[in-house]
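The values are calculated or read from the model by the stated rules, or taken from the named source; none is laboratory data. Quantities reported herein were computed from a predicted structural model and do not represent experimental measurements. Here the Cβ is made from the backbone with ideal geometry for all residues, glycine too, and neighbour counts use every protein chain on show.
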Amino acid sequence: MMTAEDRRAELLLNAPGRQRNWYEVEDILKWERCKQRMEDRLHARRRERQAKTAPPPATSGNGWRIVTNPKTPHEALEQLARQIINASFHEAPLLSEWRFRWGDLAGLAGPLPVVGLCVPSAKLILVDEARVLDGAGNRRELLEILAHEITHALMPLGESHGANFKKTLKSVSDVILADDTKGVPAAAPVSREIPTGRTFAGRRVEWAGAGEWEFR
Ligand SMILES: [Zn+2]
């Protein structure tokens with residue numbers, strides 16, 4: 001973030017053609033501040049309008065609910081999902097309006113437990129917290145669940161597990177599970193001194209608020 005002093009120095013030093021004098025710089029700064037205030041007001045008004053018109057996002061539905069106090073923050077799951085999307089689709093701005101949350105999906109369980117759920121009507125992807133964090137789940141399972149549900153979210157309604165679904169899921173899995181064929185040890189915390197890596201390709205993923213976790 002550039003401070004006012006930085007901006008003043010920049011305007012003084014980086015004038016094209018000739019040097020700006022102090023009055024010119026102050027004029028520019030005044031105009032920029034005014035513009036910023038106008039933009040802030042516009043944004044605030046837009047946020048207000050949106051808050052009034054948009055219904056609050058769903059937190060529960062038929063057989064599912066978002067966990068209120070997850071052991072690992074929702075943001076960590078969201079971040080991992082974004083990394084999968086970015087790595088698989090070359091930073092395409094996909095599913096930007098979707099939420100990725102830890103959920104309780106016990107209400108959906110039939111003969112088999114449900115570990116992941118895609119709710120298109122709520123633009124929501126859920127991963128069952130109890131199953132993945134406490135039970136049989138491991139990191140590979142988490143990646144597989146997210147890949148599966150992200151693929152559902154990208155498909156038109158009605159595709160279900162059809163040919164296009166399978167093709168897309170395979171290409172996502174090929175990217176994110178490429179190094180994972182030899183079996184996967186649990187994610188291990190790494191020291192805080194290691195520079196934060198955010199690239200999925202580097203196999204290091206930062207879990208916001210939960211320290212850093214390196215995946216190999
Ligand atoms: Zn499915």
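Structural remarks
- Yes/no for Val132 being in contact with a helix residue (DSSP H, G or I) (Cβ under 8 Å, 6 or more places away or on another chain) and assigned by TED's automatic domain parsing to the domain that holds Pro70: yes
- Matching residues, region 1-26, being assigned to a helix (DSSP H, G or I), more than 37 Å from the chain's Cα centre (by Cα) and surrounded by 13 or more Cβ atoms within 10 Å (Cβ to Cβ): Leu12, Glu24, Val25, Glu26
- The listed residues are Arg18, Arg101, and the only one of them that is free of Cβ contacts under 8 Å to residues at least 40 places away in the same chain, away from the ligand (no atom under 16 Å from the Cβ) and in the same structural domain as Ile150 (by TED's automatic domain parsing) turns out to be Arg101.
- Of all the numbered requirements in (1) within 16 Å of the ligand (Cβ to nearest atom); (2) assigned to a strand (DSSP E or B), Ile84 misses one, and that requirement is (2).
- Every listed requirement among (1) farther than 27 Å from Val172 by Cα; (2) hydroxyl-bearing (Ser, Thr, Tyr); (3) assigned to a loop (DSSP other than H, G, I, E, B) is met by Thr72 save one, (1).
- Residue in region 152-177 that is surrounded by the most Cβ atoms within 10 Å (Cβ to Cβ), counting only those that are in contact with a Phe, Trp or Tyr (Cβ under 7 Å, 6 or more places away or on another chain) and not in a helix (DSSP H, G or I): Met155
- Cβ pairs under 6 Å, 6+ apart, first in region 58-71 and in the same structural domain as Ala109 (by TED's automatic domain parsing), second among the aromatic types (Phe, Trp, Tyr): Val67/Trp102; Pro70/Trp102
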